[in-house]
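Step one of this worksheet: look at the structure below.
The values are calculated or read from the model by the stated rules, or taken from the named source; none is laboratory data. Because the structure is a prediction, the values reported are computed rather than measured. Don't worry about glycine lacking a Cβ; one is built from the backbone with ideal geometry, like all the others, and counts go over all protein chains shown.
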Amino acid sequence: MSDTNENDHFPQLTSDSTPGTGADASISKEHGLAYWESISADENGMLGGIPSVAGFANTSKIDLQGSRNFLAKFGIGSKSKPGLKHCQRILEGGAGVGRITEGLLTELLDEEKDGKVDVVEPIAKFTAKLQGKRGVGKVYVMGLEEWVPEFKYDLVWTQWCVGHLTDEQLAEYLKRCKSALTEDGLIVIKENTTVLGNDEFDAEDSSVTRGEETFQKIFQKAGLKIVRAEFQKGFPQTRTMKLLPVRMYALKP
């Protein structure tokens, strides 16, 4: 692993959460779905209202550029960047309204070979915005724990959603992702991590923010190795507000 310098960052704030071993046992799928059904189908909703806070309007732009830079280190990029390779098929887990789909992943496609981004998202009002969009392939309206791969993928990108899966469900999801990789395929998990390294349950949306050790154990259980890990850099902060650390994990069998 490399570039593991500390940095304080994003999307959930450290609010009323309950730390402790086995925090994922408190996850309720029904509660989580109900929470997201109540959220507006737009970028601000996807990011928990963060972009509407003074000083945080560029959060999404900074996030996408950080992801773009991370992928470039694996030689993956858009046609506007000479020398970088493109993808024939990409999977995005937990796509929401397509902020990352349209803001990052479709630009990585090999258009000459009719490349596609398939998306998995359980909230139908979110995926409605993606149906028929350029570069979007199959839309799976279901949770990650239900998804079964039909295609082979050069890249599997999953961001800010695995906190709704139990540790066991996440390991099984990653095993299915692993089975769906092309020979040189890559899995990326980009998620909030806890400041102190413990796992914390958030009752508001019924999700868990995991510590580094928990992620490593889950990846190992799924038969995956961390080939690179970096903290997202550059997120804004003020005297009264800063975002949780966000880490990008690149995984391979």
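Report yes if some residue within the range 90-102 is in contact with an Asp or Glu (Cβ under 6 Å, 6 or more places away or on another chain), in a strand (DSSP E or B), hydrophobic (A, V, I, L, M, F, W, C) and modelled with pLDDT of 95 or more; otherwise report no.
The answer is yes; a qualifying residue exists.
Name the residue that is nearest to Leu170 (Cα to Cα), counting only residues in the range 120-153 that are of a type in the set (A, V, I, L, M, F, W, C) and touching a Phe, Trp or Tyr at 6+ places or on another chain (Cβ under 7 Å).
Just the residues of the range 120-153 that are of a type in the set (A, V, I, L, M, F, W, C), to begin with: 120, 123-124, 126, 128, 130, 136, 139, 141-142, 144, 147-148, 151.
Now narrow it down to the ones that are touching a Phe, Trp or Tyr at 6+ places or on another chain (Cβ under 7 Å): 120, 123, 144, 147.
Values: Val120: 14, Ile123: 19, Leu144: 8, Trp147: 12 Å.
Looking at the filtered set, the residue picked out is Leu144.
May I ask you to list the residues in the range 109-152 that are closer than 15 Å to Gly94 by Cβ, part of a loop (DSSP other than H, G, I, E, B) and either more than 18 Å from the chain's Cα centre (by Cα) or among the β-branched types (Val, Ile, Thr) (or both)?
Ile123, Lys129, Val141
Are there any strands (runs of 3 or more DSSP E) wholly within the range 173-229 with 3 or more residues that are out of contact with any Phe, Trp or Tyr (no Cβ under 7 Å at 6 or more places or on another chain), and if so which?
Answer list for the range 173-229: 181-192, 200-202.
Please name all residue pairs, on different chains or six or more residues apart, with Cβ atoms under 7 Å, provided the first residue is in the range 26-51 and is closer than 20 Å to Gln131 by Cβ and the second residue is at pLDDT below 95.
Ala41/Lys129
Any residue at all in the range 73-83 that is modelled with pLDDT of 95 or more, assigned to a helix (DSSP H, G or I) and within 20 Å of the chain's Cα centre (by Cα)?
No, the range 73-83 contains no residue that is modelled with pLDDT of 95 or more, assigned to a helix (DSSP H, G or I) and within 20 Å of the chain's Cα centre (by Cα).
Among (1) out of contact with any helix residue (DSSP H, G or I) (no Cβ under 7 Å at 6 or more places or on another chain); (2) surrounded by 17 or more Cβ atoms within 10 Å (Cβ to Cβ), where does Thr59 come up short?
(1)
Hey, can you tell me all the residues within the range 35-72 that are assigned to a helix (DSSP H, G or I), among the small types (Gly, Ala, Ser) and under 18 Å from Gly96 (Cβ atoms)?
Hits for the range 35-72 are Gly45, Ser52, Ser60, Gly66, Ser67.
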